[in-house]
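Have a look at the structure below, then the notes.
The values are calculated or read from the model by the stated rules, or taken from the named source; none is laboratory data. Since the model is a prediction, treat every value here as computed from it, not as a measurement. FYI the Cβ positions are ideal-geometry reconstructions off the backbone, even for glycines, and counts take in every protein chain you see.
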Amino acid sequence: MFSGPRARLCCLDLDTFFVSVERLLNPELCGKPVVVGALPGSRGVVTACSYEVRAFGVRSGMGIAEAVRRAPHAVFMRGTSGVYGAYAQRVKAILERYTPEVRTASIDEFYLDFSGCERLYRRAADADDDAAIERIVRELRERVQVEIGLPASAGIGCTRAMAKMASNVAKPAGVRMVRVGEERAFVAELPVRRFPGIGPVAAEELNQAGVHTLGELLSLPEGPRRARFRRTTERVEQALHPTSAQRIGRDRPAFREHDPEHLTVGSISNERTFGQDVRERVRVEGQLCSLAERVCWRARSRGARARTVTLRLRYSNFETLTRSRTIPPTNVEAKVYACVLELLAEVLDPARGVRLLGVGLSNLVGEDTQLALPLGKEPPPQVGRAIDDVRARFGFEAIRLGASALRK
């Protein structure tokens, strides 16, 4: 569905999603400062944190050691494996009751297109079409809260970027509509960092140049500063104005447990950060075996095969090496693991400690794509499906493959 001049796009963001799910599983966590991610004394970062702990400066992506320093009183937990994707799918099912155009941006963020739905939802008490859409978005946000127990915030605007910024302003558990014509006033006082696509480095560069808000960026006079940030300014300007090409985008799952069937865009990857540097090759290979197994399982759940395999290795001094190789399309562990071992031989230094390993699949194609010749070398697909059936009933950890078996 294309969005015209009256585009009404909604961004629904599940507030502190991982923490909120953990609180559903353990109500005793409600009201407490909670950090989900790595545990104190280990390596890793904060995956999510509650609003109670954010008051102490803890943020997602922060190193766990810094989080402990700022909030030693917080409850630190790894999180519960295998549950988050199911909650995200339940949320999406509710959203699809209200509009057929729903896209997954990440496990805790969704975009909805309400363009053309005004007549469907308009009631006599609504002042105008904008009021009707705002009312229905408040209703769906409440449905998510009541039926599942997850708080969410929603923003409505003429473009994806505007809807995203509005949802951030609406936090926690609110709704904010930016009507057509109000966009410039809405962004005027927002920090430049609030604009999707302006990261911390770009924001710092703008701040050092004396540009702190989006309003200041848009009002830069012609001269060296405007020329320096012209591309950024143009992106912000585009976000203020709907066009016939404005869409809510496509599903872009960003969590390892959320892999919609038949999705062959993007890539699939999993990583592991070790608590202590690893130097034994057998442990490195064992971890790569587990990662290969995981990404292949995810590929099969999508109904996809990969043509490119990528190895990521980070040493203890944070030097990160990446190697990729193109192979015949596959989602079979033995094929992926064999390729990963060949890539490992190119980068592994036995004298150095390994901090992180990752395996990725990309250049995805559907399982129905014609197989490459010669035939007969790919293990029968029934084997992988049988393994997946066991995991579907008893969980991923119910059946694991040995590295020695994958080498055969």
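A search for C-beta distances below 9 Å between a residue of segment 170-193 that is within 19 Å of THR16 (Cα to Cα) and any residue that is β-branched (Val, Ile, Thr), counting only pairs 6+ apart in sequence or on different chains, returns PRO172/THR16; VAL175/VAL137; VAL175/ILE156; ARG176/ILE156; ARG176/VAL169.
Please pick out the residue among ALA132, ALA67, ALA38, ALA88 that is in contact (Cβ under 8 Å) with a residue 12 or more places away in the chain, crowded, with 21+ Cβ neighbours inside 10 Å and out of contact with any strand residue (DSSP E or B) (no Cβ under 8 Å at 6 or more places or on another chain). Result of the check over ALA132, ALA67, ALA38, ALA88: ALA132.
Among the residues of segment 54-97, how many are hydroxyl-bearing (Ser, Thr, Tyr), part of a loop (DSSP other than H, G, I, E, B) and out of contact with any Asp or Glu (no Cβ under 7 Å at 6 or more places or on another chain)? Looking only at that region, the number is 2. Taking the residues in segment 128-187 that are modelled with pLDDT of 95 or more and hydroxyl-bearing (Ser, Thr, Tyr) as candidates, determine which candidate is farthest from CYS30 (Cα to Cα). Checked segment 128-187; the qualifying residue farthest from CYS30 (Cα to Cα) is SER167. From the list ARG294, ARG305, the one residue that fits, being part of a helix (DSSP H, G or I), in contact (Cβ under 8 Å) with a residue 60 or more places away in the chain, basic (Lys, Arg) and crowded, with 18+ Cβ neighbours inside 10 Å, is ARG294. In this structure, does LEU29 turn out to be more than 16 Å from the chain's Cα centre (by Cα), modelled with pLDDT of 90 or more and under 20 Å from THR159 (Cβ atoms)? No: the conditions fail for LEU29. All of GLY157, GLY210, GLY181, GLY215 fail the test of being touching a helix residue (DSSP H, G or I) at 6+ places or on another chain (Cβ under 7 Å) and either of a type in the set (S, T, N, Q) or over 16 Å from ILE133 (Cα atoms) (or both), apart from GLY215. Selection of segment 103-145 for residues being assigned to a loop (DSSP other than H, G, I, E, B) and not charged (D, E, K, R) yields ILE107, PHE114, SER115, GLY116, CYS117, ALA124, ALA125, ALA127. Comparison of LEU357, LEU321 shows that the only residue that is touching a residue at least 12 places away in the same chain (Cβ under 8 Å), crowded, with 22+ Cβ neighbours inside 10 Å, in contact with a strand residue (DSSP E or B) (Cβ under 9 Å, 6 or more places away or on another chain) and not in a helix (DSSP H, G or I) is LEU357.
Filter segment 219-242 for residues that are in contact with a helix residue (DSSP H, G or I) (Cβ under 6 Å, 6 or more places away or on another chain) and more than 25 Å from ALA105 (Cβ to Cβ) and give the result. Answer for segment 219-242, where residues must be in contact with a helix residue (DSSP H, G or I) (Cβ under 6 Å, 6 or more places away or on another chain) and more than 25 Å from ALA105 (Cβ to Cβ): just LEU220. For segment 97-129, the candidate set comprises residues that are among the charged types (D, E, K, R) and closer than 21 Å to ALA173 by Cβ; within that set, the residue that is surrounded by the fewest Cβ atoms within 10 Å (Cβ to Cβ) is ARG97. Just one of the numbered conditions (1) part of a loop (DSSP other than H, G, I, E, B); (2) outside the structural domain of ARG135 (by TED's automatic domain parsing) is not true of PRO100: (2). Here GLU109 does not fit the description of being without any contact (Cβ under 8 Å) to a residue 60 or more places away in the chain and either at negative phi or in the same structural domain as ALA166 (by TED's automatic domain parsing) (or both).
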